[in-house]
Amino acid sequence: MALSILSTENLARVSARRPWTIVGIWVAVIVASMAAIGALLSGALTTDVSLTNNPESQRAENLLKDHLRGPEPTNEVVIVRSDSTTVDDPQFREVVEGVYGKVSALGTGIVAKGTNFYQSNDPSLISEDRHTAILPFVMAGDHEEAQDRIDPVLNIVRQADGSQGFHVLELQTQAQHDLETGESIGIPIALVVLVVVFGALLAAGVPLVLGILAIVVAVGLSALLGHVSQLSFFITNVITMMGLAVGIDYSLFIVSRYREERAKGLAKQEAIAATGATASRAVFFSGMTVVLALFGMLLVPSTIFRSLGLGAIIVVLVSVMISLTLLPAMLGLLGDRVNALRVPFIGKGAVEADHEKHGGFWDTVTRFVMRYPVIALVAAAALLIALAVPYIDIKTGSAGVSTLPDGLRSKEGFQILRSEFSYGLVTPAEIAIQGDVNGTPIQGALGRLDGILTQHPEFSRATFTANSSGDVALYSVPVNGDPTANETLDSVRALRTKYIPEAFSGVDAKVFVGGQSSGSIDYINTTEDYTPIVIGFVLGLSFILLTIVFRSIVVPIKAIIMNLLSVGAAYGLLVLVFQKGVGNELLGFQQVDIIEAWVPLWTFSILFGLSMDYHVFLLSRIRERFDRTRDNRESVAFGVRSTAGIITGAALIMAAVFGGIAQGDLVMFQQMGFGLGVAVLLDATIVRSVLVPAAMELLGDRNWYLPPFLRWLPDLRERGAKEAAGEEPRWANQQRGGAEAS
């Protein structure tokens, strides 16, 4: 009884009958969300990234934080360079001391301390050719506070750059721009696609507006949740990305079905109810499938993965709720006015489309595939497998500073620091030692370690700092090179697994290696370790949900296999384009040696959820038709042609958003955007138009096989169950009666 009251059909009925109440509730929610964003969002987000499984880098940081120096300092470096003068020239000194004085004048509340060559006479602060000097500063506060306080320093650098012929650079980078690029490209393309699909401006605007409202509410909820546990600042970007993808997708599906039911002759209220019992139900289960896929990211002990996963889950749930309540209310208010402002040439055909009629591109393709199902299945599967083959050679890691776009001032600064100084001055390997750090055994071990490191030119001279009680010390070892590049990571891996164990063999001490490179190693290791766990979790829960939704074990097995094929093809294309450089220049991408470690896991979670989106939409129409006709072939053809425009439009919108992200400058976002966009297009074309109809034709009625021992599972096919029992719902009776009368 409770399930019946809370069914999607009843939600649609209630929302359509009391539209102003529903609209009023959502207006209040949106206003509250905007207030939360304005008052709470800035304090809810963090730029800090940490692992929660206490890896070695975290243990080193905790030891130093608790017993030696407090929170890890944030180091910033200002670079002053001249092509014509050297540090011995009075003009060079004037520029350096001018910049240093202005930065120092910001006060200890912003800059804790700093130094320059003229103050310390430290030769490590100038280049060998004496044309470049670096000014290292330690920002005040912890990492989060330091990030908030960096802007005044950057303003001083920008003002000084170019004056008197000197280059003044800093090492800050920005990733936000690339994600915003995807959003700015995706929204206008989404509107164009919606206009083409619906043929009417008002109908096209409704999904876009509701998608934006879902984003606002989700960001507002994140602002609240961020004060319980801080979330990554990237959460707003993933909310926007997923909100545009699924929010528009769900509304598109429901509005299309409502117009279809009205075209069949149902009264407005009954058409909304029919849409609620069918399309809204599919949206609900589709949303739950996406949430399950995203839930896997919450298993990864990383604050950024959990933030991104939580943000995506929130916006999907909000999108579902808006689609099930606010959208029926709006349809109740608009009625046939949803078709207002028709677009010339395409408007009439889009509004009056009749899916009962055979013919059209997708129907022709589907019937051709089902005429030769074995050939079609083998050919499509072989193509996807061939595309997936390069994945065998995937190498994950971090691309590092070398992949920043040429001309970026921060990249120029990194290159100068790398070629003429030691990167390690900014991000050294921090060896935390616990024990009698001033005693002979540990001092002897450090001497042996020095001897080992002198044989490896990537390491520079280390510094030793002990606490007052002599039980904890920091041995800071500069490592020359990009701190996130694979070469540097390999050096730090050797330090952790070979050089330190060799030097400290037999010594009573605990030794942990921290610092940025060590943290990157732990992050990569954690991501790789949890990838199979997440994949297994997502596949298992998806199988269970789809089995219940479709009352079949064949459908979920088939859907999982097909989705894995499309994800595998996307992975293979990632490796082919980025690692192997096939077509990368044509597409405007960089060739790099590795795929960013987080991209495969993130891509899997997003892609699997979105791919299941299409499957649930398509298979819901097929199952609905099959329950009424018991004709497998005609049900498949009907399902494909009736959802073709919707799924194609949704896929184009998603591909536009992801493609926009891929047009950014940072290679990690190029990889993410390209992988997501390609997989969405593969899934909406090859999987939907070839693999699904071919496999369903070969399996016939076995598509819907449910073993007897699972017959106890709840039958959630509200409409199908009633029709199978000979009890048509009221809106179906009205539809049939109207057809007979005509």
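Entry remark, the stretch 7-48: residues being surrounded by fewer than 17 Cβ atoms within 10 Å (Cβ to Cβ), among the polar types (S, T, N, Q), in a helix (DSSP H, G or I) and under 27 Å from the mean Cα position of the chain (by Cα) number 1 in total.
So if I check each of L586, L545, L576, which one is assigned by TED's automatic domain parsing to the domain that holds E528 and touching a Pro at 6+ places or on another chain (Cβ under 6 Å)? The unique qualifying residue is L576.
Listed here are the residues, each with its yes/no results for (1) small (G, A, S); (2) in the same structural domain as R18 (by TED's automatic domain parsing); (3) crowded, with 24+ Cβ neighbours inside 10 Å; (4) without any contact (Cβ under 8 Å) to a residue 12 or more places away in the chain.
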residue: P207; (1), (2), (3), (4): no, yes, yes, no
residue: N237; (1), (2), (3), (4): no, yes, no, no
residue: M242; (1), (2), (3), (4): no, yes, yes, no
residue: G247; (1), (2), (3), (4): yes, yes, yes, no
residue: E260; (1), (2), (3), (4): no, yes, no, no
residue: A263; (1), (2), (3), (4): yes, yes, no, no
residue: E270; (1), (2), (3), (4): no, yes, no, no
residue: A274; (1), (2), (3), (4): yes, yes, yes, no
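Count of the stretch 490-533 residues, restricted to those that are without any contact (Cβ under 8 Å) to a residue 60 or more places away in the chain and aliphatic (A, V, I, L, M), is 2. The residue that is modelled with the lowest pLDDT, counting only those in the stretch 170-205 that are within 17 Å of the chain's Cα centre (by Cα) and crowded, with 21+ Cβ neighbours inside 10 Å, is D178. Of all residues in the stretch 232-254, those satisfying the criterion of being modelled with pLDDT under 85 and more than 23 Å from L652 (Cα to Cα) are S232, F233, F234. For K113, the conditions (1) surrounded by 12 or more Cβ atoms within 10 Å (Cβ to Cβ); (2) outside any helix (DSSP H, G or I); (3) in contact (Cβ under 8 Å) with a residue 40 or more places away in the chain all hold with the exception of (3). Among the residues of the stretch 223-231, is any assigned to a helix (DSSP H, G or I) and buried (at least 22 other Cβ atoms within 10 Å of the Cβ)? Yes; the residues of the stretch 223-231 include at least one that is assigned to a helix (DSSP H, G or I) and buried (at least 22 other Cβ atoms within 10 Å of the Cβ).
For the stretch 54-74, how many residues are in contact with a Phe, Trp or Tyr (Cβ under 7 Å, 6 or more places away or on another chain) and either of a type outside the set (D, E, K, R) or without any contact (Cβ under 8 Å) to a residue 40 or more places away in the chain (or both)?
Qualifying residue count, the stretch 54-74: 2.
With respect to the stated conditions, T303 is surrounded by fewer than 24 Cβ atoms within 10 Å (Cβ to Cβ), at negative phi and hydroxyl-bearing (S, T, Y).
Name the residue that is modelled with the lowest pLDDT, counting only residues in the stretch 585-604 that are aliphatic (A, V, I, L, M) and closer than 28 Å to V290 by Cα. It would help to see each step written out before you state the result.
Step one: filter the stretch 585-604 for residues aliphatic (A, V, I, L, M), giving 586-587, 592, 594-595, 597, 599, 601.
Imposing the further condition that a residue be closer than 28 Å to V290 by Cα reduces the set to 595, 597, 599, 601.
Working: I595: 89, A597: 84, V599: 87, L601: 89.
Among those that are aliphatic (A, V, I, L, M) and closer than 28 Å to V290 by Cα, it is A597.
E144 falls short on exactly one of the conditions (1) at pLDDT below 85; (2) surrounded by fewer than 16 Cβ atoms within 10 Å (Cβ to Cβ); (3) part of a loop (DSSP other than H, G, I, E, B), and that condition is (3).
Out of A650, A679, A684, report the one residue that is crowded, with 22+ Cβ neighbours inside 10 Å, under 30 Å from Y523 (Cβ atoms), assigned by TED's automatic domain parsing to the domain that holds G360 and within 21 Å of the chain's Cα centre (by Cα).
Values: A650 fails: under 30 Å from Y523 (Cβ atoms); A684 fails: under 30 Å from Y523 (Cβ atoms).
Going through A650, A679, A684 in turn, just one is crowded, with 22+ Cβ neighbours inside 10 Å, under 30 Å from Y523 (Cβ atoms), assigned by TED's automatic domain parsing to the domain that holds G360 and within 21 Å of the chain's Cα centre (by Cα): A679.
Per the listing D613, D665, the residue uniquely within 27 Å of S520 (Cβ to Cβ), modelled with pLDDT under 85 and of a type outside the set (A, V, I, L, M, F, W, C) is D665. Taking the listed residues T52, T86, the one that is within 30 Å of P301 (Cα to Cα) and surrounded by fewer than 16 Cβ atoms within 10 Å (Cβ to Cβ) is T52, with no other qualifying. A count restricted to the stretch 658-678 and to residues that are in a helix (DSSP H, G or I) and under 17 Å from G581 (Cα atoms) stands at 11.
The values are calculated or read from the model by the stated rules, or taken from the named source; none is laboratory data. Worth saying up front: this structure is predicted, and the values here are computed from it rather than measured. We place every Cβ from the backbone using ideal geometry, glycine too, and count neighbours over all the protein chains shown.
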